[in-house]
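Following: one structure in structure tokens, then a few remarks.
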Amino acid sequence: MTLRRLIAGLTALAALALVGPATAETTLRVVMHSDLKIVDPIWTTAYIVRNHGYMIYDTLFAMDAKGEIRPQMVDKYEVSKDQLTYTITLRDGLSWHDGKPVTTEDCVASIKRWSAKDSMGQKLMGFVKDIQIVNAKTFKIVLNEPTGLVLGALGKPSSNVPFMMPKRVAETDPNTQISDFTGSGPFVFKKDEWKPGDKAVYARFDKYRPRPEPPSALAGGKVVKVDRVEWKWIPDHQTAMNALIAGEVDYLEAPPHDLLPIAKADPNVKLVDVNPLGNQFTFRFNTLHKPFDNAKVRQAVFYAFNQEDFLKAVVGDPAYYKVCKAFFPCGSPMSSPKGLEGLLESNFEKSRALLKEASYDGTPIVLMHSTDLAVLTNLGPVAKSLLEKGGFKVDMVSMDWQTLVARRAKKEPPAAGGWHAFLTSWVAADILNPVMMGFMNASCDKAMFGWPCDKEIESLRDQFARETNPARQKAIAEAVQVRETQYPTHIPLGQWYLPSPTRKSVDGVIQAPVPVFWNVTKK
Amino acid sequence: MLPYIGRRLLATIPVMAVVAVVVFSLLRLAAGDPAAIIAGDNATSQDVAAIRARLGLDRPLVEQFAIWVGRVVRGDFGESFFFKKQVSELILDRVEPTLALSVCTLVLTIALAVPLGVLAAWKRGSWIDRAVMGFSVLGFSVPVFVIGYVLIYVFAIELAWLPVQGYQRIGDGVGGFLERLVLPSITLAVVFVALIARITRASVLEVLNADHVRTARAKGLGELPVLLRHVLRNAAVPIVTVIGIGIAVLIGGVVVTESVYGIPGLGRLTVDAVLARDYPTVQAVILVFSVVYVLINLLVDLSYTVLDPRIRY
């Protein structure tokens, strides 16, 4: 009897081995930092839409883990000796999700739509004399004068990213949202399964032809190793963490730092350092109104602040923050301490002395304080305390982030609904050089809210844009930084990091400034 | 009866008009700019202005109101600023989860609260009465989200009996549908049970001492028939009234419960729309909630005639 059972068992095992394991569909379930409501990454700069863009679109060039720009959809490119013509050839076998081949007509239309919206794209187009289509696979960018911006702009990692779209889509007015979501990226957007407020679904694009190189940040081979990725929207952070622990989701993009110890303590969850460059807290001035219309008063803030107080108040755990006295993120090519020696050390006496020199009349600083984003909430009270110690009077006005976003666009005096200052955070990938860094734009009315106006900064930014030599670019970036300490447009308040908790069954997450899902496996 | 119903339905028109004016004005008076939110954090003032113009938000308020009312009268709630979908489509998409959660909560509440209230009144002063009243105080005092988190911790994380979050449509399987509704319904029902059990107890106590109940007992009827036929029916009017009023509590609770349990219902839609200043969606959802509330009140009023034959309209 026992022998018969043994034989039966072995036979069953053999049969199973012959049949092989059932091939179940692999779905990676992810909770992103926000719900996907808008799906046009050129129309908006919102990070969730940028992340969506990386799922379904591809880029001509992309930034690798060393911060260098590499060809992505591009097979090869040549720069003429006079550096005025870039001849760009697309890779073989690129196709849109509807099966049609990707052509240079599509790419040129996409560059035009993107450059109409993106500040770096606009800067680039200032140098562009013409974009000529040679054939279906090759096009030329002809410049008026040499610039180092071409590759940097076309390989820009963050909003607005120059994603390639079919010509019929890219011809949409840049101020109108697209409604055709055909891309050529590694995933296909399942429009029929998209439920705003619930989930967005992406399926692997089987015809996607990845580059042969291994993946490196946003560059290299985008090999998709799961069948589907579902972005599940769970607005409550605690519920999202509970869902991860219970195995209902596989990956949380951005939980608050407070919840990380729960993830660390769970044996089935691990923390993945997805963005080694991290983020930067920033204090933004409104230079239109007294007293911040006086550069000396803004310099006083540089003396009153120190980065550690802000970082401790928000992040707490020193494993997730770094004091970085530089405008460009520490660890990035343009980063340098030059000009910031002696600043950001809470030298309150120096701050008060500067205020006296500037004849500060005690006008209260209207500091907008965002209360609903965990990562920003504690910055306001720290800023208020340090400013007061440095001799300022402060009127901290608390509001939700969306109210702040609306109010910061107002140029009216603070007493009439305007503002003096607010605090925010930048993803490091958005602020890698003087042209990319939006807050360094000092072109008066055309600058971002705060509207700084300084010819010297603008001249240096233009020089940076023209420069093609990396060493000289760095020297210009340092010069901009030094000028920023004399004419502060904003103040960097330190770098912080946020690991993403994933189930231990998830592997292959790529370190990049943007969360991407190629190369990710799920057991 | 029919003329009464007709009059009541006609009376909803001015109510809706007032709701429309108030909602529209409040949203426009509240701080925040949907165009700035849509444009994203890195957008310039010019981008924001272009989006504002495209959404028609640069027009005078009166003109915006007239356009909106004109559309609503034709049954068109307009297009959401964010979702690029018709608001009516969004609402229809979100009705099922909210309706399912509300109905489950209501059934659970009535099934628990009315017997508990009757029992507490019938055993007045006993440990049962004190236990029911103690539970009621607790149910009132503990916020909905705390109840939610505790239930999730115990039943989803520690015991792993039920899912933490999410919703499954009834068409995708009744088992999964019910499984995902258990914890949210209990969470939402706790406050509701507390409220209705207290009212039931008070109402039943009043009737228990009435002459007709004493007479029923004197003629030899058992306690159960006395309680069901002679006590509960006469105590029903205030209970039904409170259940009707409780629907408003339920709507408020749905907003929190849907957020805690990640249910994509109307409550979550409202929160998302308010936070994003999605005016057309907020306006439409509040109008829909108002219509529902008015209709429930009408049904409650009509139910009085069934429960108490002395009441006539």
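Every read-out reported here was derived from the displayed coordinates using simple, explicitly stated rules and does not represent laboratory data. Fair warning: this is a prediction, and the values are worked out from it, not measured in the lab. Cβ placement follows ideal geometry from the backbone for every residue including glycine, while neighbour counts extend to all protein chains displayed.
In terms of Cα to Cα distance under 23 Å, which lysines are near enough to A:LYS523, apart from those fewer than 8 places away along the same chain?
Cross-link targets: A:LYS199, A:LYS222, A:LYS225, A:LYS232, A:LYS264, A:LYS270, A:LYS504.
Let me know the Kirkwood hydrodynamic radius for region A:432-482, please, with Cα pairs as the basis and the value in Å to one decimal.
On the way: mean 1/r = 0.0918 Å⁻¹.
With all distinct Cα pairs of region A:432-482 included, I get 10.9 Å.
Identify all lysines with a Cα-Cα distance to A:LYS389 below 29 Å; exclude those on the same chain that are fewer than 8 residues away in sequence.
A:LYS290, A:LYS296, A:LYS312, A:LYS322, A:LYS325, A:LYS338, A:LYS350, A:LYS356, A:LYS410, A:LYS411
Could you tell me what % of all Cα pairs in region B:171-243 have separations over 19 Å?
For region B:171-243, the share of Cα pairs beyond 19 Å comes to 53 percent.
Largest first and to the nearest Å, give the Cα extent of region A:171-330 along each principal axis.
58, 50, 37
For peptide B:23-32, what's the mean number of Cβ atoms from other chains within 10 Å of each residue's Cβ?
2
Can you tell me the length gained on complete extension of the stretch B:GLU158 to B:ARG124, counting 0.36 nm per residue apart and subtracting the Cα distance?
On the way: separation 34, 0.36 × 34 = 12.24 nm, distance 3.74 nm.
Using 0.36 nm per residue and subtracting the Cα-Cα distance, I get 8.5 nm.
Under unit Cβ charges (Lys, Arg +1; Asp, Glu -1), what dipole magnitude, rounded to 20 debye, does region A:283-367 have relative to its Cα centre? Mind dumping the intermediate values first?
On the way: 11 positive and 9 negative charges, 37 e Å.
Charge dipole, region A:283-367, about its Cα centre: 180 debye, nearest 20.
For the protein assembly as shown, what proportion of DSSP beta bridges, expressed in % and rounded to the nearest 5, is antiparallel?
Given both bridge residues lie in the protein assembly as shown, the antiparallel proportion sits at roughly 80 percent.
How are the Cα pair distances of region B:73-219 distributed, in percent, across 10 Å bins from 0?
The percentages, shortest bin first, are 10, 27, 26, 20, 11, 5, 1.
Counting alpha carbon pairs within less than 8 Å and at least 6 residues apart, what relative contact order, in whole percent, applies to chain A?
RCO, chain A: 19 percent.
Taking the alpha-carbon set of region A:366-455, what are its Rg and Dmax in Å?
So, for region A:366-455, Rg and Dmax equal 13.9, 37 Å respectively.
So how do A:241-247, A:130-136 stack up, highest first, on mean other-Cβ count within 10 Å?
Numbers: A:241-247: 22.4, A:130-136: 13.0.
Peptide ranking by packing, descending: A:241-247, A:130-136.
Regarding region A:116-244, what's the average projected area of the Cα-atom convex hull, expressed in nm²?
If you wrap the Cα atoms of region A:116-244 in a convex hull and average its projections, you get 11.1 nm².
Quickly work out the A:ASP75-to-A:ARG91 label distance, labels modelled 7 Å from Cα along the C-beta direction, and quote it in nm with one decimal.
1.2 nm
Once Rh is set to the Kirkwood radius over Cα pairs, what Stokes-Einstein translational diffusion coefficient, in µm²/s, holds for region B:224-294 at a temperature of 4 °C and a viscosity of 1.567 mPa s?
Rounded to a whole number, D works out at 91 µm²/s.
Beyond 15 Å, what percent of the Cα pairs of region B:105-192 remain?
66 percent
Bins of 5 Å, beginning at zero and ending with the bin holding the largest distance: percent of Cα pairs per bin for region A:298-437, please.
It works out to 2, 9, 16, 19, 22, 19, 11, 3, 0, in whole percents.
Counting only other chains, and only Cβ atoms inside 10 Å, what mean value do you get across the residues of A:170-179?
Neighbouring Cβ atoms belonging to other protein chains average 2 per residue here.
Once all Cα-Cα distances of the protein assembly as shown are split into 10 Å bins that start at 0, what whole-number percent is in each one?
Here the calculated profile for the protein assembly as shown is 2, 11, 19, 21, 19, 13, 8, 5, 2, 1, 0, 0.
Taking only the C-alpha atoms, wrap a convex hull around region B:149-210 and report its volume per residue in Å³ as a whole number.
Spelled out: Cα convex hull of region B:149-210, divided by residues, is 115 Å³.
Which of B:ASN209, B:PRO309, B:LEU232 sits farthest toward the positive end of the charge dipole of region B:173-313, with +1 on the Cβ of Lys and Arg and -1 on the Cβ of Asp and Glu?
Projecting each Cα onto the dipole axis, the largest value belongs to B:ASN209.
Taking Cα atoms of region B:68-124, Rg/Rh with Kirkwood Rh, to two decimals?
Across region B:68-124, the Cα-based Rg/Rh ratio is 1.38.
Inside 10 Å of the C-beta atoms of A:400-412, what's the mean count of C-beta atoms belonging to other chains? Intermediate results must be reported in sequence, preceding the final value.
Details: counts 3, 4, 11, 7, 3, 11, 10, 4, 3, 11, 2, 1, 0.
Counting other chains' Cβ atoms within 10 Å and averaging over A:400-412 gives 5.
Which order do the peptides A:198-204, B:150-156 take when ranked by the mean count of other beta-carbon atoms within 10 Å per residue, highest first?
Result, highest mean Cβ count within 10 Å first: A:198-204, B:150-156.
Quantify how much of the Cα-Cα distance distribution of region A:431-523 extends past 21 Å, in percent.
Within region A:431-523, distances greater than 21 Å cover 49 percent of Cα pairs.
Which Cα, out of A:LEU355, A:SER34, A:TRP496, lies furthest along the positive dipole direction of the protein assembly as shown (beta carbon charges, K/R +1, D/E -1)?
Value computed over the given set: A:SER34.
Report the normalised scattering of region B:13-96 as log10 I(q)/I(0) at q = 0.16, 0.22 Å⁻¹, calculated by the Debye formula with identical scatterers on the alpha carbons.
The Debye formula, applied to the Cα set alone, gives -0.76, -1.26.
Determine, at each q value in 0.09, 0.14 (inverse angstroms), the log₁₀ of I(q)/I(0) that the Debye formula gives when each Cα of chain B is one equal point scatterer.
The computed values of log10 I(q)/I(0) come out as -0.60, -1.16.
Name every cysteine in chain A that ends up alone, with no second cysteine's Cβ under 4.7 Å, or say none.
Taking the Cβ cut-off of 4.7 Å, the unpaired cysteines of chain A are A:CYS107.
Going by average Cβ density within 10 Å per residue, which order do the peptides A:67-79, B:88-100 take, highest to lowest?
Going from most to least packed, we get B:88-100, A:67-79.
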